[in-house]
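Enquirer: Mind having a look at this structure? Questions to follow.
The values are calculated or read from the model by the stated rules, or taken from the named source; none is laboratory data. In this text the structure is predicted, and so the values were computed from the model without any measurement. Virtual Cβ from ideal backbone geometry, glycine too; neighbours counted across all protein chains shown.
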Amino acid sequence: MGERRSIEVFSAGCPVCTEMAERIRQAAGAGCEVVVRDMHKPEVAARAQRLGVRSLPAVAIDGELAACCRGAGPDLEVLRAAGLGACCG
């Protein structure tokens, strides 16, 4: 039998994050350890940043951000073009 795989779900506790964490728990096999990480904790937020998390929920498998979770998140150039500077000074 191989090593257990580690699955981390980065969550803000919102309904979307909670539902995704539950779906992942249900889909994970016996060979997977699923851990939900609370982004309100500074050490979790720091880990998420190191992994490249840009939006939530996000999933890391064996310490690597899943391909489906890469490249998402706010694009500052798009926000600036939409008038970000006008509302943020």
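Enquirer: Tally time: how many residues in the stretch 15-43 are surrounded by 17 or more Cβ atoms within 10 Å (Cβ to Cβ) and in contact with an Asp or Glu (Cβ under 9 Å, 6 or more places away or on another chain)?
Expert: Counting residues in the stretch 15-43 that are surrounded by 17 or more Cβ atoms within 10 Å (Cβ to Cβ) and in contact with an Asp or Glu (Cβ under 9 Å, 6 or more places away or on another chain) gives 3.
Enquirer: Kindly indicate the residue of the stretch 54-71 that is surrounded by 13 or more Cβ atoms within 10 Å (Cβ to Cβ) and modelled with pLDDT under 85 and also farthest from the chain's Cα centre (by Cα) among those meeting that condition.
Expert: If we take residues in the stretch 54-71 being surrounded by 13 or more Cβ atoms within 10 Å (Cβ to Cβ) and modelled with pLDDT under 85, then 70 is farthest from the chain's Cα centre (by Cα).
Enquirer: Among the residues of the stretch 4-54, what is the count of those that are in a helix (DSSP H, G or I) and in contact with a Lys or Arg (Cβ under 8 Å, 6 or more places away or on another chain)?
Expert: 3
Conditions tested, residue by residue: (1) free of Cβ contacts under 8 Å to residues at least 24 places away in the same chain; (2) under 11 Å from residue 8 (Cα atoms).
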| residue | (1), (2) |
| --- | --- |
| 21 | no, yes |
| 27 | yes, no |
| 34 | no, yes |
| 40 | no, no |
| 48 | no, yes |
| 57 | no, yes |
